[in-house]
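The values are calculated or read from the model by the stated rules, or taken from the named source; none is laboratory data. These numbers come from a predicted model, not from an experiment. So basically every Cβ, Gly included, is an ideal-geometry build from the backbone, and we count neighbours across all protein chains shown. Heads up: the accessible areas ignore ligands, DNA and RNA and are worked out on the full protein's heavy atoms, side chains in. Shrake-Rupley method; radii C 1.70, N 1.55, O 1.52, S 1.80 Å.
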Amino acid sequence: MQKVLVLLFLAWVCFLYYIGIVLFTSGFLLTRLELTNQSSCQEPPGPGSLPWGSQGKPGACWMASRFSRVVWLLIDALRFDFAQPQHSHVPGKPSAASLPFLGKLNSLQRILEMQPHHARLYRSQVDPPTTTMQRLKALTTGSLPTFIDAGSNFASHAIVEDNLIQQLASAGKRVVFMGDDTWKDLFPGAFSQAFFFSSFNVRDLHTVDNGILEHLYPTMDSGEWDVLIAHFLGVDHCGHKHGPSHPEMAKKLSQMDQVIQGVVEHLTNDTLLVVAGDHGMTINGDHGGDSELEVSAALFLYSPTAIFSSVPPEEPEVIPQVSLVPTLALLLGLPIPFGNIGEVIAELFSGGTDAHPHSSALAQASALHINAQQVSRFLHTYSAATQDLQVSELHRLQNLFAKASADYQQLLQSAQGAEVPLQTVIAELQQFLRGARALCLESWARFSLVRMAGGAVLLAAACFLCLLASQWTTRPGFPFSPLLLTSVACGLAGAILYAGLLAATGLKLDSVILGTAAAGGSLLPFLWKAWAGCGSKRSLATQLPIPGPVLLVLFLRLAAFFSDSFVVAEARATPFLLGSLILFLVAQLHWEGQLLPSKLLTTSRLSFSAPTGPPRHGGTYALRLGVGLLLCTRLAGLFHRCPEETPACHSSPWLSPLASMVGGRAKNLWYGVCVGALVALLIVVRLWLRRYGNLKSPEPPVLFVRWGLPLMALGTSAYWALASGAEEAPPHLQALVAGASVLLPRAVMGLAASGLLLLLWRPVTVLVKAGPGASRTRTILTPFSGPPTSQADLDYVVPQIYRHMQEEFRGRLERTQSQGPLTVAAYQLGSVYSAALVTALVLLAFPLLLLHVERISLVFLLLFLQSFLLLHLLAAGIPISTTGPFTVPWQAVSAWALLATQTFYSTGHQPVFPAIHWHAAFVGFPEGHGSSTWLPALLVGANTFASHLLFAVGCPLLLLWPFLCESQGPRKRRKPLAMEAETRGRFEEEEEEPLMEMRLRDAPHHFNAALLQLGLKYLFVLGVQILACALAASILRRHLMVWKVFAPKFIFEAIGFAVSSVGLLLGIALVMRVDGAVSSWFRKLVLAQQT
């Protein structure tokens, strides 16, 4: 089997998985239809004349305007309890002294107490996802973004739906904006004047806010505006950087309090002040999900003139966030945006303290009726365009609106009647509006069951392919090449057939369906081959030989994906499953009597004896490995982040950056621990490379390991020092610190990239020593003359050359007087593959560690220790065969995948959007990335899926490590005494130095087949996980927690699979690159020997 065939076959399997994921996603995470219809004053939302109170008013549209100006202060992440008034302390509740964010917006409380008819504070109920772009969309359109729109939070596009900003511009209003530059992409060219500031640098607490304050008051005093919008970001960034309970949050909220107080002093009587938060934040300062703290935002309204007929209630009213859109539209005399589903805040239309109760109620009913007409028109238009809404519920709402509208019209035509019928009309209109919003909420979670089923079938077929093909690799002469070529040809035929059908029918090309046609067509030859194999007499257990305990662990893990409680608790369940598998491995070694080292089960092709010799280790070897592995797993579990659904859980304090620590001594101590972990990691890797002789070569990669890795460690340590104390630096050093914060991370990443390029260029790190004379040892026998002319010739002669060089080197060491001149001696060939992989992993680990907080260096150290211990434990039970086939057992692959998942949680991640470490986007780029979105996405993705990448690239070590551990076999001993001297002497003469990984070259066909089998097994374990997540999301699509638990879990598993599959291909490609370089090196050696 050729090397290229292995990569192509694995790439084809990955393609099948990718298409299955994309097809399922297109049916599960659909976006709703966005209507481009526009509301206008010339087209009332329903039949009838202008509403009561607007006749004859100048500039009247659907309703006469009540304010000519609006100042909208949008404080990002202004959680409701940040603004909630703090009265006398209640025992049992937290005080302002214990929580820094409480009681800092005193101006709101003072206004509510002194002018109760002028102001109101509401608890704004936010619809998830609680990301800024989606909240801005809801705050201007009055609609609901769907779940998948969360992915657009950092790649915003212009809003095409009708919205408040567009209505203001159409009415000739002068809209001035200052703050978050997200608005520039959402509403291009809509502002008469704008001051945009970059919003993506969450570590910057002051630039945006200070920029707003520079322009806010001069703009208000100029009077050249009708609507002024100021979007402050400091509170949100402070939450991301420090969390809400940090003293910096108190400072930032106090600054916002001064801003509100200053704006109030500049207001005129015809101006409305709106202070709103777009979303809340968790106890860690994150947002994006739907926890109570995230969906609870503050909304404060104030006018210098009285606008409320009653005093505020003791507990602020809870209103949907989208209710602000129709309210502002009617208060400013604008049409309500066409797609709004919010309900007006009726008490704002009461007319103030001087209004008659009947007139006040009638004004509220008029506003609600206009709102209901607009929503009814939208439902009618939307249902005609998509047929998505539930028909029965839609008919019920239409009947309810018809009755409420008839009652309202009858009330207008009657004389001044009683107030009770008017309140009934108001209740009917509110019932309709709330029912319409509930209908849309439920209906827009729509699914395409056909696409979801097709995606699940493709994923299941890909898993089945991996399972069967992993067994076919051990069959001699299995036609993988014809199967792959036939599958590719059928896939292309399927894609061409689909494209031809579309061209004939004139339908639009769907790239997802095109890929599905190609994937389905390519599966046909495999399914035919599998069907033909079913007729054989081989049992199912023989064809699918997964051990029972491993199958049980996989089943428990996959079954847990169907329970929201287990998905939430996966961070605790994964170490348990990993520990159970470790205990099983130790017990299996004991039961099978394999607590001893790996043995050579067969003889080599050249019939050299391979005695097993005495055991390498005592009977407690595997037990000590298992105990050490369990201890490392337990230590890694100390670094955990609690899900939002477990309030009793307390996240590890070690996941926060050192910059958030207050005490200087504690910060310095932790900095020393982090640097110590970094140095320990470097020392462990160098000691391992030195143990196997991989630090003796003068090759460029070895020189880089000697000098480049310490430089990378030094740069990382220096960056940590700057990042943890940047705010404490003297003013005259601020510029130097800022420049170093940019240079150091980029230098470390550049060094890592250079090291990887050197490794790819010269992957064989071999030290060769040549002597002046001819060889004195046995002649290399070849079935050909001259240099090797084929790969088969080279594969035949390579193991002989390696043994030849070993004997030469051994003779040089054992004899004080040489019996003949020495021709050549080579070091490091026995670990040439694993040395390249370990070096590549270390080079990848440094930039990935740089994207995490400092104390995660301890987790990375544990990661490498766990990996080494697990590899040694697995190698203790894997026998070595010199002629093949080589296999990696299922329990090894399953344990490796579980270890990757456990490391994902130990690095402070959770499969939810609020837990994403956004700070990684600014490592080396503290000023942001401008208009670029791919680079920050790449950095954040590398931070999130670092464990997936490292373990996938290192997966070939599962195959290589048992051969590497052969070096721990019997060594040369002193000559024995007495009767055993002669026998032992003969044994020493025949004894060979261990060949280690060079045994893989004895059977190159089996080597390539083993790499293919390993890749297929790893893809199967990952594939069944994504399949289980897809099935859980589809089966539980109407579950209460689908968008909070199951959908994010599926998305994270899908992205993790993509990262892992790419990493696996890169790891196997690196092994093949080393193998090709070894072949070239031996080819040159053979030519030199025969000249």
Q: Looking only at the stretch 290-318, count how many residues are open to solvent by less than 10 Å² (accessible area, probe 1.4 Å) and out of contact with any Gly (no Cβ under 8 Å at 6 or more places or on another chain).
A: 3
Q. When you go through VAL235, VAL259 one by one, which is the residue that is surrounded by 24 or more Cβ atoms within 10 Å (Cβ to Cβ), hydrophobic (A, V, I, L, M, F, W, C) and more than 25 Å from PRO326 (Cβ to Cβ)?
A. VAL235
Q | Unique residue being surrounded by fewer than 23 Cβ atoms within 10 Å (Cβ to Cβ) and assigned to a helix (DSSP H, G or I) when the list is ALA1032, ALA1077, ALA1010 | A | ALA1077
Q. Just for the stretch 837-877: of the residues that are closer than 19 Å to SER652 by Cβ and among the β-branched types (Val, Ile, Thr), which one is most open to solvent (accessible area, probe 1.4 Å)?
A. VAL853
Q) Based on what the data block shows, is VAL679 at pLDDT below 90 and either in a helix (DSSP H, G or I) or more than 27 Å from LEU939 (Cα to Cα) (or both)? A) no
Q: Could you tell me which of the residues TRP707, TRP720 is assigned to a helix (DSSP H, G or I) and in contact with an Asp or Glu (Cβ under 6 Å, 6 or more places away or on another chain)?
A: TRP720
Q: Among residues belonging to the stretch 886-928 that are under 13 Å from the mean Cα position of the chain (by Cα) and outside any helix (DSSP H, G or I), point out the one that is farthest from VAL1042 (Cα to Cα).
A: THR907
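Quick one: which strands (runs of 3 or more DSSP E) lie wholly within the stretch 266-347 and hold at least 3 residues that are out of contact with any Ser or Thr (no Cβ under 8 Å at 6 or more places or on another chain)? Walk me through how you get there before you give the answer.
On the way: elements: 271-276, 296-302, 318-320.
Where strands (runs of 3 or more DSSP E) fall fully within the stretch 266-347 and carry at least 3 residues being out of contact with any Ser or Thr (no Cβ under 8 Å at 6 or more places or on another chain), they are 296-302.
Kindly provide the set of residues from the stretch 662-702 that are more than 30 Å from LEU759 (Cβ to Cβ) and touching a residue at least 40 places away in the same chain (Cβ under 8 Å), ordered by number.
So in the stretch 662-702, the residues more than 30 Å from LEU759 (Cβ to Cβ) come out as 662-673.
Within the stretch 662-702, VAL662, LYS667, TRP670, TYR671, VAL673 qualify.
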Q) Cβ-Cβ below 9 Å, separation at least six or inter-chain, first residue in the stretch 490-506 and part of a helix (DSSP H, G or I) and modelled with pLDDT of 85 or more, second surrounded by 10 or more Cβ atoms within 10 Å (Cβ to Cβ) and of a type in the set (S, T, N, Q): which pairs? A) CYS490/SER522; GLY491/SER522; LEU492/SER522; GLY494/THR516; GLY494/SER522; TYR498/THR516
Q: Would you confirm whether any residue within the stretch 210-220 is within 36 Å of the chain's Cα centre (by Cα), open to solvent by 20 Å² or more (accessible area, probe 1.4 Å) and either of a type outside the set (A, V, I, L, M) or at pLDDT below 90 (or both)?
A: yes
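Being in a loop (DSSP other than H, G, I, E, B) and either touching a strand residue (DSSP E or B) at 6+ places or on another chain (Cβ under 7 Å) or in contact (Cβ under 8 Å) with a residue 12 or more places away in the chain (or both) is the filter here, so list the residues in the stretch 646-660 that pass it.
So in the stretch 646-660, the residues in a loop (DSSP other than H, G, I, E, B) come out as 646-652, 656-657.
Across the stretch 646-660, the qualifying residues are THR646, SER651, SER652, SER656, PRO657.
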(Q) Tally up the residues in the stretch 621-645 that are in contact (Cβ under 8 Å) with a residue 12 or more places away in the chain, open to solvent by less than 30 Å² (accessible area, probe 1.4 Å) and more than 24 Å from ILE582 (Cα to Cα), please. (A) 1
Q: Identify the single condition in (1) open to solvent by 70 Å² or more (accessible area, probe 1.4 Å); (2) at pLDDT below 90; (3) among the polar types (S, T, N, Q); (4) touching a helix residue (DSSP H, G or I) at 6+ places or on another chain (Cβ under 9 Å) that GLN398 does not satisfy, given that it satisfies every other one.
A: (2)
Q. In the stretch 353-372, is there at least one residue being within 41 Å of the chain's Cα centre (by Cα), surrounded by 22 or more Cβ atoms within 10 Å (Cβ to Cβ) and part of a helix (DSSP H, G or I)?
A. yes
Q | Residues of the stretch 368-411 classified as of a type in the set (S, T, N, Q) and over 20 Å from THR327 (Cα atoms), total | A | 10
(Q) Can you tell me which of (1) under 35 Å from the mean Cα position of the chain (by Cα); (2) open to solvent by less than 50 Å² (accessible area, probe 1.4 Å); (3) closer than 30 Å to VAL888 by Cβ is the one ALA518 doesn't meet? (A) (3)
Q) Which residue, of SER68, SER88, is polar (S, T, N, Q), open to solvent by 40 Å² or more (accessible area, probe 1.4 Å) and modelled with pLDDT under 55? A) SER88
Q: Identify the residue in the stretch 838-867 that is over 14 Å from VAL953 (Cβ atoms) and of a type in the set (S, T, N, Q) and, among all such residues, is farthest from the chain's Cα centre (by Cα).
A: GLN866
